[in-house]
Structure formats: structure tokens, C-alpha cells
Amino acid sequence: MYDLIVIGSGPGGYVAAIRAAQLGLKTAIIEKYPTLGGTCLNVGCIPSKALLDSSEHYHNAAHSFKTHGIDLKDLKVNFKQMISRKRDVVKQNVEGIQYLMKKNKIDVHQGLGVFKDKNTVVIQKEGDKKEEISGKNIIIATGSKPANLPFINLDKERIITSTEALELKEVPKHLVIIGGGIIGLELGSVYARLGAKVSVVEFMDGIIPTMDKTMGKELQKSLKKLGIEFYLKHKVTGVVRKGKEVTVTAQNSEDKEVTIKGDYVLVSIGRRPYTEGLNAEAAGVKINDKGQIEVDEHLKTSVDHIYAIGDVVKGTMLAHKAEEEGVFVAEQLAGQKPHINYLLIPGVVYTWPEVASVGYTEEQLKDKGKKYKTGKFLFMASGRARASGDTDGLVKVLADAETDEILGVHMIGPRTADMIAEAVVAMEYRASAEDIARMSHAHPTYTEVFREACLAATDNRALHV
């Protein structure tokens with residue numbers, strides 16, 4: 001009998017297994033697909049970043065290199081090679097996880113994990129082959145799948161999800177994206193840079209609607225420079241394919257019908273928890289009406305020794321959130337007392353400019369009736385940003401009006417995906433805006449913009465504006 005069985009090998013599952021093994025627990029992991037790593041490594045975070053980087057290199061070569069004194073001719077996209085490189089990146093990462101399983105002596109079982117009872121999991125392999133394993137503790141880490149609208153028929157050829165968008169055989173002529181959230185905008189950026197016309201249809205009145213509104217407005221300005229067009233406050237009513245053409249119909253805010261025709265439609269309206277085939281009821285595990293597994297503050301399900309983490313439980317669907325939860329459960333099982341501050345799990349959009357955020361948004365502070373002050377600083381005023389030619393965006397700091405404690409940090413600009421970590425550290429230690437303002441930041445760096453925003457929040461003391 002295992003001390004711990006983990007069902008699912010995404011970032012939450014494999015990290016939970018590694019930490020449990022480090023702590024001396026005999027651990028097994030079950031994965032239904034041939035490769036480890038889940039959505040993130042195979043058809044999510046990693047391959048999308050590979051394509052984002054490749055497309056950004058091409059876009060810079062086509063639009064920015066001349067300014068830097070680099071002349072090119074006969075520039076073209078080798079899309080087949082771009083996809084091939086993306087596959088290599090995925091392969092290297094997946095093989096890395098396989099190595100970590102061996103290094104930590106974790107037993108890997110390939111097949112669909114199905115509960116027989118609260119301690120027994122049946123692994124359904126190819127054909128009719130089955131294997132049973134038992135565990136004192138079990139973690140469900142089965143992740144999520146792309147969500148869809150009931151009237152849309154996903155043919156996975158022309159009407160696609162993010163999974164198929166990572167494996168296209170050609171650059172679309174006109175890609176219509178349903179949903180102005182993170183995944184859609186990242187993939188839209190990839191294809192817009194490579195020459196596709198991109199149209200985004202969003203039900204809400206702004207893009208990246210879960211983030212601070214300032215970020216959405218600034219990102220929309222930048223993406224418009226790429227040629228991406230936006231249909232905000234539009235409710236999609238139909239998607240019909242005829243040959244190589246797909247027609248999207250939508251109702252605008254004035255109840256008028258709008259028609260958009262493209263050769264590909266990407267449905268990107270979020271993701272849903274994935275528990276199909278798990279047979280959770282056989283173990284007594286409760287699933288709510290949103291499809292999420294219900295857990296308490298210790299991530300324990302309705303069954304005492306069964307836990308659930310990641311996309312399958314409430315909260316943001318982020319790989320690093322799942323990792324934190326995996327470590328949290330493993331350490332609890334070993335008798336430790338870990339904690340997670342969900343407010344301080346950062347969110348990132350890997351467009352260019354990048355968007356990164358942690359803590360409260362301005363809208364949330366207003367709803368709470370919290371008195372706060374705001375400090376902003378533009379990348380346009382940064383020497384480093386001018387040197388690299390990345391002057392779009394700003395950093396916005398929200399601080400308590402009385403104590404000056406930083407309550408939220410929202411960044412859009414170059415390398416903010418990396419810069420946000422300083423804000424997370426600051427907020428973890430409950431730093432004030434003045435604390436950051438008084439710390440020396442190397443010059444010239446992008447991080448100086450964060451310092452200047454903190455100075456701006458501290459009695460409007462920004463120096464370089």
C-alpha cells in the first residue's frame with residue numbers, strides 16, 4: 001500500500017508527488033496520457049510560451065530590427081519549423097518530469113485512474129488491461145479542459161480550442177477569437193505577429209476582465225497596434241462552418257446582429273474542472289454544481305484522507321497555484337503546518353507587453369470600501385525601456401491610505417512577468433510603498449519603474465516624471 005497516490009501529473013500532481021517523496025512518503029502517480037506534465041507542459045503554458053517567443057522574434061525582425069541598425073531581406077515565417085521547435089521544447093520539459101519521478105523513486109502508472117472505493121484506484125490501461133493500487137492518502141489533481149458554449153460544435157479543425165491552436169498546419173488568414181481572456185489573447189498575439197488578421201469577441205466591456213481595469217485598457221491599446229480588432233460587449237449567438245469559412249454571429253450592446261467571417265475560430269471562454277471517468281462518487285467525494293471538487297481549508301474533500309488540488313477545486317486556474325497546493329497537501333501529510341496566501345498568487349498574461357498582477361485590484365478595494373492611494377509610473381519615462389524600445393505600459397501600486405502597506409500591484413510592460421516577483425515578496429512581508437521606494441534598484445532596469453510607482457504612491461514623490 002502506498003502512503004500517497006496522486007491522480008494526475010500536471011504541475012499540481014507531479015509537484016505534490018515530488019514533495020511527498022522528499023518527505024519520505026511512498027508515492028505513486030497516475031497519468032492517463034502517454035506523457036507526464038498535464039495541460040501546462042503538453043498543451044498549455046509551455047508550448048504557448050514557445051510560440052509566443054518565436055513569433056515575437058519574427059515580429060521584431062520584421063518591425064524593429066531596422067531601427068536597431070539590423071537590415072534583413074527576404075524575411076519569412078517557416079511555420080513548420082516554429083511548430084517543430086515548440087514540440088522539442090515540450091519534449092524536453094516532459095522528459096525532465098520523467099527524470100524527476102525516477103530520481104525521487106515515484107512509481108508512475110500510465111492509464112485512467114478510476115476510484116473503486118475510498119482507498120483503491122483501478123488503473124485502466126490500453127485494451128482491457130487493469131491494475132489496482134491502494135493508498136492511505138489520495139490527491140485528485142485531474143486538472144481542467146477548455147470550456148465551450150452549448151451551441152458551438154467544436155470540430156477541432158476550423159472551430160478549435162487552445163489545444164488545436166498550438167498545432168495548426170498554417171497561419172490563419174483571419175482568426176476569430178471568442179473570449180478576451182488570457183489564453184485567447186496570448187494565442188491571438190502569436191498569430192497576429194505572424195500576419196493573421198485577428199478579431200476578438202468579448203461579452204464583457206473590457207479584455208482580461210478578471211484583472212485590474214487599467215491593465216485591460218492599456219493592453220487593448222498595445223494589441224491594437226498589432227492590428228487586433230475588438231468587439232466588446234458582444235454576445236456570441238452562433239458559429240457555423242461552411243467549407244473553409246467559419247461565420248460567427250453576435251449581438252452587440254444595442255441588440256444589433258454582427259457577423260464576422262474567418263477561416264478559423266478559437267473558442268477561448270475559460271476552462272472547466274475535469275473529473276470525467278474518475279468515479280469520485282465511489283469514494284464518497286462530493287462534486288458541486290460547477291463541477292469542482294469540494295474541499296475545506298486544508299484541501300481535504302468530503303472523505304478524510306482524500307484531497308484535491310489545482311484546477312479541479314475553487315480558485316484561479318494557474319499552474320503555480322496548483323504547485324503551491326500540491327506542496328501544501330504533501331507537507332500536511334508529513335505533519336508540517338504549511339500555509340498559502342491566495343491573495344498573493346500572481347497572475348500573468350504573456351502577451352507583449354506582458355501583464356502581471358498581485359493582490360487587490362482597484363475595483364476590489366472600492367467594493368470593500370477600503371481607503372487607498374494610487375501610484376503610477378509609465379515605462380515611457382524609463383531609460384531602460386527607451387533603450388530597448390519597449391515603452392508601452394505602466395506600473396500601478398495600490399497602498400493603504402493610512403498605513404502605506406502595499407495592497408495591490410499591477411504591471412503592464414516589458415518583462416513584468418519576472419518583475420512581479422518583487423511585489424509578491426514585498427507583500428508577503430507586508431512592506432509599505434515607502435519600503436520599496438527606499439530600496440536601491442539597479443540603473444538602468446525595468447524594476448526602477450516599480451520603485452518610481454511606489455514613490456508616486458508615497459506623497460507623489462516620483463523622481464523621473
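The values are calculated or read from the model by the stated rules, or taken from the named source; none is laboratory data. For clarity, every value in this text was computed on a predicted model and none was experimentally measured. Here the Cβ positions follow ideal geometry from the backbone for every residue, glycine too, while neighbour counts run over all protein chains shown. Side chains included, ligands, DNA and RNA excluded: accessible areas come from the protein's heavy atoms. Shrake-Rupley method; radii C 1.70, N 1.55, O 1.52, S 1.80 Å.
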* To do: Go through the stretch 164-189 and give me each residue that's charged (D, E, K, R) and either within 19 Å of Lys32 (Cβ to Cβ) or crowded, with 17+ Cβ neighbours inside 10 Å (or both).
  => Glu164, Glu186
* In the list Lys49, Lys66, Lys73, which residue meets the criterion of being in contact (Cβ under 8 Å) with a residue 24 or more places away in the chain and of a type in the set (Lys, Arg)? -> Lys49
* To do: For the stretch 133-163, name all the residues that are hydrophobic (A, V, I, L, M, F, W, C), open to solvent by 10 Å² or more (accessible area, probe 1.4 Å) and outside any loop (DSSP other than H, G, I, E, B).
  => Ile133
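Against the condition within 21 Å of Gly37 (Cβ to Cβ) and either open to solvent by 40 Å² or more (accessible area, probe 1.4 Å) or touching a Phe, Trp or Tyr at 6+ places or on another chain (Cβ under 8 Å) (or both), how does Lys105 come out, does it pass? So that I can check it myself, show each step before the final result.
Details: within 21 Å of Gly37 (Cβ to Cβ): yes; either open to solvent by 40 Å² or more (accessible area, probe 1.4 Å) or touching a Phe, Trp or Tyr at 6+ places or on another chain (Cβ under 8 Å) (or both): yes.
Against the criterion (within 21 Å of Gly37 (Cβ to Cβ) and either open to solvent by 40 Å² or more (accessible area, probe 1.4 Å) or touching a Phe, Trp or Tyr at 6+ places or on another chain (Cβ under 8 Å) (or both)), Lys105 qualifies.
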* Structure fact -> Within the stretch 429-465, restricting to residues that are β-branched (Val, Ile, Thr) and within 31 Å of the chain's Cα centre (by Cα), the one that is nearest to Ser388 (Cα to Cα) is Thr445
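Please determine whether any residue of the stretch 437-444 is surrounded by 15 or more Cβ atoms within 10 Å (Cβ to Cβ), at pLDDT 95 or above and not in a loop (DSSP other than H, G, I, E, B).
Step one: of the stretch 437-444, the residues surrounded by 15 or more Cβ atoms within 10 Å (Cβ to Cβ) are 437, 441.
Next, only the ones that are at pLDDT 95 or above stay: 437, 441.
Checking which are not in a loop (DSSP other than H, G, I, E, B) leaves us with 437.
Checked against the condition, which is being surrounded by 15 or more Cβ atoms within 10 Å (Cβ to Cβ), at pLDDT 95 or above and not in a loop (DSSP other than H, G, I, E, B), the stretch 437-444 yields at least one hit.
Of the residues that make up the stretch 364-371, is at least one in a strand (DSSP E or B) and either free of Cβ contacts under 8 Å to residues at least 24 places away in the same chain or open to solvent by less than 40 Å² (accessible area, probe 1.4 Å) (or both)?
Going through the stretch 364-371, the residues in a strand (DSSP E or B) turn out to be none.
Among the residues of the stretch 364-371, not one is in a strand (DSSP E or B) and either free of Cβ contacts under 8 Å to residues at least 24 places away in the same chain or open to solvent by less than 40 Å² (accessible area, probe 1.4 Å) (or both), which makes the answer no.
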* **Contacts under 8 angstrom Cβ, first residue in the stretch 227-242 being within 14 Å of Glu254 (Cβ to Cβ) and in a loop (DSSP other than H, G, I, E, B), partner open to solvent by 60 Å² or more (accessible area, probe 1.4 Å) and among the polar types (S, T, N, Q), 6 or more apart** => Lys233/Ser253; His234/Gln251; His234/Ser253
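Restricting attention to the stretch 88-120, which residues are assigned to a helix (DSSP H, G or I), in contact (Cβ under 8 Å) with a residue 12 or more places away in the chain and either out of contact with any strand residue (DSSP E or B) (no Cβ under 9 Å at 6 or more places or on another chain) or aromatic (Phe, Trp, Tyr) (or both)? Let's see the steps before the verdict.
Pass one, the stretch 88-120, residues assigned to a helix (DSSP H, G or I): 88-103.
Checking which are in contact (Cβ under 8 Å) with a residue 12 or more places away in the chain leaves us with 89-90, 93-94, 97-98, 100-101.
Once the filter is applied, which keeps residues that are assigned to a helix (DSSP H, G or I), in contact (Cβ under 8 Å) with a residue 12 or more places away in the chain and either out of contact with any strand residue (DSSP E or B) (no Cβ under 9 Å at 6 or more places or on another chain) or aromatic (Phe, Trp, Tyr) (or both), the stretch 88-120 yields Val89, Val90, Asn93, Val94, Ile97, Leu100.
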* To do: Out of the residues in the stretch 18-37 that are in contact with a helix residue (DSSP H, G or I) (Cβ under 7 Å, 6 or more places away or on another chain) and open to solvent by less than 20 Å² (accessible area, probe 1.4 Å), state the one that is farthest from Gln124 (Cα to Cα).
  => Ala20
* Asked: For the subset of the stretch 320-330 comprising residues that are touching a residue at least 40 places away in the same chain (Cβ under 8 Å) and open to solvent by 30 Å² or more (accessible area, probe 1.4 Å), which member is nearest to Ala20 (Cα to Cα)?
  -> Val327
* Would you mind stating whether Gly127 is without any contact (Cβ under 8 Å) to a residue 60 or more places away in the chain, closer than 25 Å to Thr35 by Cα and part of a loop (DSSP other than H, G, I, E, B)? => yes
* Structure fact -> If we keep only residues of the stretch 108-132 that are touching a His at 6+ places or on another chain (Cβ under 9 Å) and surrounded by 19 or more Cβ atoms within 10 Å (Cβ to Cβ), then the residue nearest to Val295 (Cα to Cα) is Asn119
* Asked: Quick one: is Ala401 crowded, with 17+ Cβ neighbours inside 10 Å and within 20 Å of Tyr360 (Cβ to Cβ)?
  -> no
* Cβ-Cβ under 8 Å pairs, at least 6 apart or on other chains, the stretch 292-307 side more than 15 Å from Leu333 (Cα to Cα), far side among the acidic types (Asp, Glu) -> Ser302/Glu294
* To do: Spot the failing condition for Lys321; the list is (1) assigned to a helix (DSSP H, G or I); (2) in contact with a Pro (Cβ under 7 Å, 6 or more places away or on another chain); (3) not aliphatic (A, V, I, L, M), and only one is missed.
  => (2)
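Which of the residues spanning the stretch 253-269 are open to solvent by less than 40 Å² (accessible area, probe 1.4 Å) and within 28 Å of the chain's Cα centre (by Cα)? Lay out the reasoning, then the answer.
First pass over the stretch 253-269, keeping only residues open to solvent by less than 40 Å² (accessible area, probe 1.4 Å): 258, 260, 262-268.
The answer is Ile260, Gly262, Asp263, Tyr264, Val265, Leu266, Val267, Ser268.
Residues are listed down the side, and each one gets a yes or a no for (1) closer than 30 Å to Gly389 by Cα; (2) open to solvent by 60 Å² or more (accessible area, probe 1.4 Å):
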position	(1), (2)
Lys300	no, no
Gln332	no, no
Gln336	no, yes
Ile340	no, no
Ile345	yes, no
* Working only within the stretch 1-59, note down all residues that are within 19 Å of Lys321 (Cα to Cα) and of a type in the set (D, E, K, R). => Arg19, Lys49
